[in-house]
Amino acid sequence: MTTAVQVRDLTKTFSTLTAVDRISFTIGQGEIFGLLGPNGAGKTTTLSMLATMLEPSSGSAEITGIDIQKDQDGVRKAIGIVFQDQSLDEELTAWENMDFHGRLYRIPKEIRGQRTEELLRLVELYDRRNDIVKTFSGGMRRRLEIARGLLHHPQVLFLDEPTIGLDPQTRNLLWEYIETLAKEKNITIILTTHYMEEADRLCDRIAIIDHGKIIALDTPARLKDSLGGDLVTIRSAEPARIGPALSAPWINRIENRGDDVIISLHHAEQHLSEIVTRLNGEKIPIDMISVHKPTLEDVFLSYTGKSIREEEPDAKAALRSQLKMMRH
Amino acid sequence: MEIVYTIWLRSMKRYLRSKSRIIGSIAMPLFLLLFLGFGLNSIVNMGSLGQNYSTFLMPGMVAMSVLFTSIFAGVQIIWDKQFGFLKETLVAPLSRLEIMLGQTAGGATTACIQGIILLVLAVLLGLNIVGPAGFVIAFAFMVVIGIAFTAFGIAIASRMEDMTGFQLLMNFLIFPLFGLSGAFFPISSLPGWLSSVTLFDPMTYGVEGIRYGLTGTSQINPVLCGVVIAGFAAAMAAIGAYLFRKVSV
């Protein structure tokens, strides 16, 4: 597989804060690569550096073999980017937004028109091409931005939180578009997200990032396997006694988390009754017991000891929507 | 050039679609022309200038619509910053200078259109202009004022995060620039110390230049007016381009 993106010890510090701390990874051509982490983990900062919008403090990176610091324009031609915050001109139509982008990337007129039509059809906005973007819903705007990001045929597409703030239905639809794109166009996609399902569903490989560092990097399946099978959660008034009562070769790991005890094992269904019998024999009260397949949330929890926080849109975004209301 | 044209084209499209902005920025100078011009016509004695007051005021109001439209067009960059659109242009493989020049060209064009709309309305109201040659001279001044103050707006927008400081700027910089320019009164009628202050106001030369074109008389030599306002425009364009180069989003 040819290398599309190569990152070596990339670092960004803002006065006292190290937003991105010596991260390294390699992404192959055609891969969907996810940067998963809570808000403020350094995902967008990483993306901004790779997209030449932000100067790295140290380290280096190459996009399709082009150095991000030595040849900014070269990188910019090779990448498409969909920002976390909307970057459309709301007073222009969908077609005009596409056309503007095509002109900025110096795409000849005939090709521009042809590609715009093709892409607008792909994201199912062709019928709305002559409508002003102001009248579009959040999902439509996102789709338009993705189409626009592809207009100049980038080899690498950056998607910064592509489905943030969208309803579940629209999110599902967008995931389908992204999957289709990756298959049909064979482009490399780097996406940042703090949604576990999104990373799990879309990404070939995931880098879990927290406090600017990559703490785990693998395929979603292997990340989940690393937890040692299924997870049995037992809630009890005497959690400390559960561990000793349950030592058995088929148990991979026992972890206490407050009143909960989390047990990792393979084929949990087969062992559940034995677990209950043993605890009953020791007279350990069971308030609740549940079994589930590990998710990336569990992976994140086990690596960082905390769960990914789902946060409200930040203050800046709130201000922006206020301004929008004032203006209209 | 293609990029400059593209950004200019966007400004034009946005301008033509914002009817309320077109009407809004014409209304103020038009009302001033009506109320002050015709209202004070019979009271104000223009003395040696030999004009009536409304004729004297007209070029000033034309200059006003050019000035305000162009500053707003430059400050538009702040909106683009806040609405995210600026990122789209900044991440494209093109130079900051091209973006800045396109924005300036767009702002200057809209400003001139606004100026001409006001001029046409003034003529329809019965005010006379000297003739085609004079109109061309006045138009040239409008273009230069438009460029100068769009660039000025871009320079300011490059250093401002949001619109909160804009009111301050309007009151303490833009309005004095305009008020001192001799748009409302002959600068010779001011007390000596104040009339020499007006000579440091670049807008004075712009207003006088347009006045020379439209009415055939001015208190400052029109060639000097042209030189000063063109020099000011060049300086503003340079400062605007320099500051815009450092903008980050």
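Using the structure shown, decide if A:A207 is among the small types (G, A, S), part of a helix (DSSP H, G or I), touching a Gly at 6+ places or on another chain (Cβ under 8 Å) and buried (at least 18 other Cβ atoms within 10 Å of the Cβ).
no
Here is a yes/no grid of residues against (1) under 18 Å from A:S87 (Cα atoms); (2) among the β-branched types (V, I, T); (3) touching a His at 6+ places or on another chain (Cβ under 7 Å); (4) crowded, with 21+ Cβ neighbours inside 10 Å:
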{"residue": "B:F85", "(1), (2), (3), (4)": "yes, no, no, yes"}
{"residue": "B:M100", "(1), (2), (3), (4)": "no, no, no, yes"}
{"residue": "B:A111", "(1), (2), (3), (4)": "no, no, no, yes"}
{"residue": "B:V123", "(1), (2), (3), (4)": "no, yes, no, no"}
{"residue": "B:G131", "(1), (2), (3), (4)": "no, no, no, no"}
{"residue": "B:V136", "(1), (2), (3), (4)": "no, yes, no, no"}
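Taking B:I145 and the conditions (1) surrounded by fewer than 22 Cβ atoms within 10 Å (Cβ to Cβ); (2) modelled with pLDDT of 90 or more, which numbered condition does it fall short on, given that it satisfies the others?
Checking B:I145 against (1) surrounded by fewer than 22 Cβ atoms within 10 Å (Cβ to Cβ); (2) modelled with pLDDT of 90 or more, the one that fails is (1).
Which condition does A:E274 not pass, out of (1) farther than 30 Å from A:C203 by Cα; (2) not in a helix (DSSP H, G or I), if it passes all the others?
Unmet for A:E274, out of (1) farther than 30 Å from A:C203 by Cα; (2) not in a helix (DSSP H, G or I): (2).
What tally of residues in the stretch B:39-90 results from selecting those that are part of a loop (DSSP other than H, G, I, E, B) and either at pLDDT 90 or above or within 14 Å of chain A (Cβ to nearest Cβ) (or both)?
Qualifying residue count, the stretch B:39-90: 2.
Which one is nearest to A:D89 (Cα to Cα), of the residues in the stretch B:14-38 that are within 14 Å of chain A (Cβ to nearest Cβ) and buried (at least 17 other Cβ atoms within 10 Å of the Cβ)?
So, considering only residues that are within 14 Å of chain A (Cβ to nearest Cβ) and buried (at least 17 other Cβ atoms within 10 Å of the Cβ), the one nearest to A:D89 (Cα to Cα) is B:R14.
Report, by residue number, each residue of the stretch A:19-62 that is of a type in the set (A, V, I, L, M, F, W, C) and assigned to a strand (DSSP E or B).
Residues satisfying the conditions are A:A19, A:V20, A:I23, A:F25, A:I27, A:I32, A:F33, A:L35, A:L36, A:A61.
In the stretch A:30-89, which residues are free of Cβ contacts under 8 Å to residues at least 24 places away in the same chain and facing chain B (nearest Cβ under 9 Å)?
Answer for the stretch A:30-89, where residues must be free of Cβ contacts under 8 Å to residues at least 24 places away in the same chain and facing chain B (nearest Cβ under 9 Å): A:M53, A:Q72, A:D73, A:G74.
State whether the residues of the stretch A:110-129 include one that is within 12 Å of chain B (Cβ to nearest Cβ) and β-branched (V, I, T).
Looking for residues that are within 12 Å of chain B (Cβ to nearest Cβ) and β-branched (V, I, T), one finds none in the stretch A:110-129, hence no.
Among the numbered conditions (1) within 21 Å of A:A182 (Cβ to Cβ); (2) acidic (D, E); (3) under 22 Å from the mean Cα position of the chain (by Cα), tell me where A:D85 comes up short.
Of the numbered conditions (1) within 21 Å of A:A182 (Cβ to Cβ); (2) acidic (D, E); (3) under 22 Å from the mean Cα position of the chain (by Cα), the odd one out for A:D85 is (1).
Suppose we filter B:F200, B:F172, B:F184 for residues that are outside any helix (DSSP H, G or I), surrounded by fewer than 18 Cβ atoms within 10 Å (Cβ to Cβ) and away from chain A (no Cβ under 14 Å); which single one remains?
Exactly one of B:F200, B:F172, B:F184 is outside any helix (DSSP H, G or I), surrounded by fewer than 18 Cβ atoms within 10 Å (Cβ to Cβ) and away from chain A (no Cβ under 14 Å), namely B:F200.
The values are calculated or read from the model by the stated rules, or taken from the named source; none is laboratory data. Only a predicted model underlies this, so the values are computations on that prediction, with no experimental measurement involved. Quick reminder, even Gly has a Cβ in these numbers, built from the backbone with ideal geometry, and neighbours come from all protein chains shown.
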